[in-house]
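Data first, discussion second: the structure below is written as structure tokens.
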């Protein structure tokens, strides 16, 4: 089964922050980040996901596009800074416009292809949504949307006429949306779905002896996972990426990497495109109700 590399979206949070539970070296150097962006583009990846909250990731991505003369050949999705709007902060539109303007300056672009709420609750505020629609009307953004964490927000966004993009967590261990009508409603309403967190911030790559005590419960799940994928000759990396990548309901898979080796491996997995449909069916039936303190990195003890 061959796959379309264009379904991959490279996330850039690792380029701007010390990110990931299995990333002892922290964020890569600027030169290493640029090398990864070069490789991704050379292999056919054309959409890059970033956010104002990702440290200097927007600046690095902007430097990459301008220095390689790729501004018009790449699509960029960025996000409004989380929890930026308060009653005392001033007019909502002015706050949102200022935040977007800063992002555009860092990205060295006149517009972005996608602008998302990084605070899911904002999608329920008509005033804030209207502000995003105004940005779209003014040509500063091509598509608007939201990055969600909970099923309720995903379903709400899927039914909102003005929403174009919805970014959702989805992985072998996080199949909450399969128990809802989200995918069918989103498709019926012509939403573009981006799945993220396929590797759960690197948790999938951790050996048992490295898993912290507060995530002890995941060890038994990984043993079950290894038993299943072992029968199909798959590694965790292959199974985790292809689980989302080969799901026809998902338009794009946003993935992050700590280094160039990981990026090359992920791209190779997508290009090779092993058929894992039977394995996926087993995984979908096995891991259906995992505790939130495992699948929500925000609940992990730091």
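Readers should treat all values here as calculations from the given coordinates under stated rules, not as data from a laboratory. Predicted, not measured: the structure shown is a model, and the values here were computed from it. When we count neighbours, we look across all protein chains shown, and the Cβ atoms used for this are built from the backbone with ideal geometry, even at glycine.
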- Residues of region 165-176 being outside any loop (DSSP other than H, G, I, E, B) and either surrounded by 22 or more Cβ atoms within 10 Å (Cβ to Cβ) or within 14 Å of the chain's Cα centre (by Cα) (or both), in sequence order, are 165, 166, 167, 168, 169
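Of all residues in region 64-84, which are surrounded by 22 or more Cβ atoms within 10 Å (Cβ to Cβ) and over 16 Å from residue 45 (Cα atoms)?
78, 79, 80 - these are the residues of region 64-84 that are surrounded by 22 or more Cβ atoms within 10 Å (Cβ to Cβ) and over 16 Å from residue 45 (Cα atoms).
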- Task: Please work out which residue is surrounded by the most Cβ atoms within 10 Å (Cβ to Cβ), limiting yourself to region 232-241 and to residues that are free of Cβ contacts under 8 Å to residues at least 40 places away in the same chain and assigned to a helix (DSSP H, G or I).
- Result: 238
- Message: If a residue must be without any contact (Cβ under 8 Å) to a residue 40 or more places away in the chain and under 20 Å from the mean Cα position of the chain (by Cα), how many such residues does region 247-292 contain?
- Response: 7
- Task: Return yes or no: is residue 270 in a helix (DSSP H, G or I), more than 17 Å from residue 176 (Cβ to Cβ) and touching a strand residue (DSSP E or B) at 6+ places or on another chain (Cβ under 7 Å)?
- Result: yes
- Task: Name the single residue, out of those in region 29-51 being crowded, with 20+ Cβ neighbours inside 10 Å and in a loop (DSSP other than H, G, I, E, B), that is farthest from the chain's Cα centre (by Cα).
- Result: 45
- Item | Residues satisfying the stated conditions in region 106-129, i.e. part of a helix (DSSP H, G or I) and in contact (Cβ under 8 Å) with a residue 40 or more places away in the chain | 106, 107, 122, 123, 128
- Matching residues, region 177-196, being within 22 Å of residue 114 (Cβ to Cβ) and assigned to a loop (DSSP other than H, G, I, E, B): 189, 190, 191
- Item | Matching residues, region 216-230, being assigned to a helix (DSSP H, G or I) and either free of Cβ contacts under 8 Å to residues at least 12 places away in the same chain or touching a strand residue (DSSP E or B) at 6+ places or on another chain (Cβ under 9 Å) (or both) | 219, 220, 223, 226, 227, 230
